Amino acid sequence: MQPSSTPERHGFHRDSLGFAGIDSPGFTGIHSPGLARTHRDLPGFQNWRLLGVSVLQGSPNELCSLIWRPEMAKETVENPSKEVKSRFDELMETKVTSGSSEEEKKELEEKFLGLRRVILFSGMGEPQRNPDGETNFRGQVWKLLLGVLYQDKKKDPVEEYLKLLGLGKATKYKTRSGESSYKAIRHDSFRTLKGAKLFDIKTEEPKVIRVLNAYVHKARKPYNQGMNTILSPFLVCMNEMDAFYCFYTLLEKMTPTYWMGYKNKGPGTDQGFYLGAHAACRLADKVLQEVDYDLHESLMNNVRKTFRTQSPRKFFHKLYTFRHMQVFSLVAKPMEEVMQLWDLFFALGMHMHVVAYVAQLILIRHLLMDENANLNNLLTQEAWPKVNARAVTSVTTFVMPKLSEELVEELKNHVTDKELCCKLVDWDSDTHPTIRGRAKSDAETKDTSDITKISAVAGKEPGKVHRQLSATFSGAASEGGVNACKMS
């Protein structure tokens, strides 16, 4: 049966899906009011084609400038969600056409930069459950930041999604184990974020199955473990169709290397998939080494002693880091805090999740530096400390300007550059004394007292981390310090 051309198709009633012959719970009827509600009913949606908004990451200097301005150290916003909505509405009301002047287009870009900045410094508040299954305000902002605006008038997104669902079970594309993608999806779907307050898999599982199945058909590649986890935040704040297109954009356009395979070419690497995630592990290692050499060496020595290995990085990545890189921090809890970190990732680029992971390590530095620390009691998925999104965001923005421009470029590009990722997964400084010696030499010239103070504050009152960093930046600004200069 072909999808109905009547308005009822927007509700996704069972009769319009054409799944009468499929008895899977994943293909039962659903009702999703507001499914076809897009940015077409907002006056400024056409502006975003001019901006090319999909990923506006900017140059390293621009990124640092965006992240912090010294005069913002004392700024507070009483109602973050209201402030973001005000910036959002202002953007959508701005009239810009292809015939507009360069000044008018630049004004639009500045307003968009302002929206990203207020998201970064004030956030959008804690996400709430979305029992109606409609796209709420956070979902609309995420769509803007991802560039999912259904601008192609030749394609009706509802019709396309229905057509993908009409293709039935995704059995054509096989996983590494040889089973069909549909079967692999069913193996993982019921386990998606069990116990999460915002996401009830008992009621959301049919949506998870449908969206993942449609993704396999559209991407023409097999399902990989972890995709179900990455999908869940979109289903929290969006209707099913919006969640599908945002999920597809994130995987295929913003982080395509994360789902590529690679071959074993060097020490410390394994043949497999998730190329970008393995490259991100190397980058996390480099970030930590640049900003906190002492913590990096303490962790490596701990792993070396505990596991009696000469390749501590390989063990550390495999045991603790990889899963965070694979699903963009969603192994951490609670989900409502991690979703606020995703606000940061979408506002500044998905590469920021690597730095955010390092920020979380810095926040528990006081525990990790103990020579008797049991890392399995601190860093495994089950033991990972609860996330405080504002503290992590503050430390992330503090760390970024400390990174070399070369490393910032690698962070930005690894999400899309396969060749770079292949080089990163082949890199292992354990076998390159020169590289390791240079890192140690660089570390000796850096002052890590601020990081030590941050960790001490976090150990007692995580909520005060933002204020601690504000004081640090205010001091740097008043003294004309290096941090303020580097970010201007």
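Values quoted throughout were computed directly from the atomic coordinates according to the rules given, and no laboratory measurement underlies them. Since this is a predicted model, take the numbers as computed values, not measurements. Here Cβ is always computed from backbone atoms with ideal geometry, including for glycine, and neighbour counts include all displayed protein chains.
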XL table LYS169/LYS207; LYS183/LYS218; LYS218/LYS253; LYS221/LYS423; LYS169/LYS218; LYS286/LYS314; Cα-Cα > 22 Å flagged, in table order, is LYS221/LYS423
Here FRET efficiency (C-beta to C-beta, GLU405 to SER100, R₀ 41 Å, nearest 0.05) is 0.80
Subtracting the Cα-Cα distance of GLN128 and LEU167 from 0.36 nm times their residue separation yields 10.7 nm
Note: LYS253 to THR380 extended length (0.36 nm per residue) minus current alpha-carbon separation gives 42.7 nm
Phi-derived 3J(HN,Hα) across the stretch 388-405 with the Karplus relation (6.51, -1.76, 1.60, θ = phi - 60°), rounded Hz, x for Gly and Pro, is 10, 4, 5, 5, 5, 4, 4, 5, 4, 5, 6, 6, 3, x, 7, 7, 5, 4
Diffing the stretch 202-211: the Karplus 3J(HN,Hα) column from phi (6.51, -1.76, 1.60, θ = phi - 60°), in whole Hz with x for Gly and Pro, holds 4, 9, 8, 4, x, 5, 4, 5, 5, 5
Expected vector for the stretch 178-187, Karplus 3J(HN,Hα) from phi with 6.51, -1.76, 1.60 and θ = phi - 60°, integer Hz, x for Gly and Pro, equals x, 8, 5, 4, 4, 5, 5, 4, 5, 5
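Could you please tell me the mean projected area of the C-alpha convex hull for the stretch 328-436, averaged over all directions and given in square nanometres to one decimal?
Spelled out: convex hull of the Cα atoms, projected over all directions, averaged, 8.2 nm².
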Between the residues SER181, LEU193, ASN136, the Cα farthest towards the positive end of the dipole of the stretch 125-280, that dipole coming from +1 and -1 charges on the beta-carbon of Lys, Arg, Asp and Glu, is from SER181
